[in-house]
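Q: Have a look at the structure that comes next, please.
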Amino acid sequence: MPFGVLPSEASYAGIRSQEHFLEIFNEVSSESAAIIANNIDYGAAKTRLEKYIFKNHLLMDTYSEERANGLFEIMAANNTWHTPTLSMWQKNAWFETEIKEDTALYKYLPPYMRRYWQIGENDHLNNRTPKLIALKQRQVTFYKKMLKGMYEAGVPLLTGTDMGANPLCFPGIGVHNELEAFVEAGIPTAVALKAATINPCEYLEIDDDFGSVEAGRIADLVILSGNPLEEISAVRAVDAVVRKGYLYSKDDIDQILTKIEESFK
């Protein structure tokens, strides 16, 4: 959502989808009018960063469940879809911890992206003071609450990763991270899986060809060795992929990954 446009206004205007929870805090605060007008007493906060941290804590301190539920009901009634990119926020909030495990995946990134995902190069990694990191981590707890509230209100959901500008939001595996984040937020596993499979086909209006496994449909499938309905992490155990009717075995996939790695050395 652009600054100056409330999510409810966009929903009433017919915007089909919104992303990243942006601007929702502004609308669901009990002090919404004053905060939007920037009529805030920042006290000892003087720098731009200090004011940013102060304002965002204020938004969470004044979070109104009633206002949030009202907004989500508006979105559901207007069939306004939402892509929360919850895993993106988590990766950013806990970057210093997540990078230790995710560094092994950098070999699959082109060199320009590896450079961009470095401290000093990327806006999301600058000014990471302890107070800013604490703010980001607190925000994630509210994002999880909002995602569950959206689901309970009937807001149609989509999985997305915002890959590119955001460090540790990898292509492919980012969807696995997002599915796990959905479930951690209290979204039923079947609903999370639907947000990554059936829902995108419906949203993009391609559900005549995609979105179900039946004769006559285009065969784009991911074949797993385990059941993700029992444990969502099973989405990571890919045995084979069918793309436009062509079967890629586990060996084929491993060879593709090796070629990608070698091409970026």
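The values are calculated or read from the model by the stated rules, or taken from the named source; none is laboratory data. Treat the numbers as computed from the prediction; the structure is a model and nothing was measured. Heads up, the Cβs are rebuilt from the backbone with ideal geometry, glycines too, and the neighbour counts pull from every protein chain shown. For the accessible areas, the whole protein counts, side chains as well, though only heavy atoms, and no ligand, DNA or RNA atoms are used. Shrake-Rupley method; radii C 1.70, N 1.55, O 1.52, S 1.80 Å.
Q: Looking at region 196-210 only, could you name the residues that are open to solvent by less than 40 Å² (accessible area, probe 1.4 Å) and either in contact with a Ser or Thr (Cβ under 7 Å, 6 or more places away or on another chain) or more than 20 Å from residue 176 (Cα to Cα) (or both)? Before you say what the answer is, go through the steps one by one.
A: Initial filter on region 196-210 (open to solvent by less than 40 Å² (accessible area, probe 1.4 Å)): 196, 199-201.
Scanning region 196-210 gives a single hit, 196.
Q: Quick check on region 35-76: of everything there that is open to solvent by 30 Å² or more (accessible area, probe 1.4 Å) and polar (S, T, N, Q), which residue is modelled with the lowest pLDDT?
A: The selected residue is 38.
Quick grid of which residues meet (1) among the β-branched types (Val, Ile, Thr); (2) touching a Leu at 6+ places or on another chain (Cβ under 9 Å); (3) more than 30 Å from residue 47 (Cα to Cα); (4) open to solvent by 60 Å² or more (accessible area, probe 1.4 Å):
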| residue | (1), (2), (3), (4) |
| --- | --- |
| 108 | no, yes, yes, yes |
| 114 | no, no, yes, yes |
| 147 | no, yes, yes, no |
| 176 | no, no, yes, no |
| 189 | yes, yes, yes, no |
| 194 | no, yes, yes, yes |
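Q: OK, next. Exactly one of these conditions fails for residue 139: (1) over 24 Å from residue 57 (Cβ atoms); (2) modelled with pLDDT of 95 or more; (3) part of a helix (DSSP H, G or I); (4) not charged (D, E, K, R). Give me its number.
A: (1)
Q: Counting only residues that are among the aliphatic types (A, V, I, L, M) and under 20 Å from residue 229 (Cα atoms), which one in region 190-214 is farthest from the chain's Cα centre (by Cα)?
A: So, considering only residues that are among the aliphatic types (A, V, I, L, M) and under 20 Å from residue 229 (Cα atoms), the one farthest from the chain's Cα centre (by Cα) is 213.
Q: Restricting attention to region 121-145, and to residues there that are within 15 Å of residue 185 (Cα to Cα) and of a type in the set (S, T, N, Q), which single residue is most open to solvent (accessible area, probe 1.4 Å)?
A: Within region 121-145, the match that is most open to solvent (accessible area, probe 1.4 Å) is 141.
Q: So, one more: Restricting attention to region 142-158, and to residues there that are part of a helix (DSSP H, G or I) and small (Gly, Ala, Ser), which single residue is nearest to residue 90 (Cα to Cα)? Outline the logic, then answer.
A: Of region 142-158, the ones part of a helix (DSSP H, G or I) are 142-153.
In the following step, the residues that additionally are small (Gly, Ala, Ser) were identified as 149, 153.
Values: 149: 18, 153: 23 Å.
Applying the filter and picking the extreme gives 149.
Q: In region 115-144, what count of residues is obtained for those that are without any contact (Cβ under 8 Å) to a residue 12 or more places away in the chain and among the basic types (Lys, Arg)?
A: Counting residues in region 115-144 that are without any contact (Cβ under 8 Å) to a residue 12 or more places away in the chain and among the basic types (Lys, Arg) gives 1.
Q: I'm checking my understanding of the structure. Among residues of region 166-191 that are assigned to a loop (DSSP other than H, G, I, E, B) and on the phi < 0 side of the Ramachandran plot, which one is modelled with the lowest pLDDT?
A: Taking the candidates together, the pick is 171.
Q: While we're looking at this one, here's another question. Residues of region 155-171 being more than 15 Å from residue 115 (Cα to Cα) and open to solvent by less than 50 Å² (accessible area, probe 1.4 Å), which ones?
A: 155, 156, 157, 158, 159, 160, 161
Yes/no matrix, rows are residues, columns are (1) more than 28 Å from residue 79 (Cα to Cα); (2) hydrophobic (A, V, I, L, M, F, W, C); (3) in contact (Cβ under 8 Å) with a residue 24 or more places away in the chain:
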{"residue": "4", "(1), (2), (3)": "no, no, no"}
{"residue": "13", "(1), (2), (3)": "no, yes, no"}
{"residue": "24", "(1), (2), (3)": "no, yes, yes"}
{"residue": "28", "(1), (2), (3)": "no, yes, yes"}
{"residue": "31", "(1), (2), (3)": "no, no, yes"}
{"residue": "39", "(1), (2), (3)": "yes, no, no"}
{"residue": "49", "(1), (2), (3)": "yes, yes, yes"}
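Q: Now a separate question. Specify which of the listed residues (161, 85) is at positive phi, β-branched (Val, Ile, Thr) and under 19 Å from the mean Cα position of the chain (by Cα).
A: 85
Q: Restricting to region 230-249, and then to whatever is open to solvent by 90 Å² or more (accessible area, probe 1.4 Å) and touching an Asp or Glu at 6+ places or on another chain (Cβ under 8 Å), can you tell me which residue is nearest to residue 217 (Cα to Cα)?
A: Restricting to residues being open to solvent by 90 Å² or more (accessible area, probe 1.4 Å) and touching an Asp or Glu at 6+ places or on another chain (Cβ under 8 Å), the top hit is 244.
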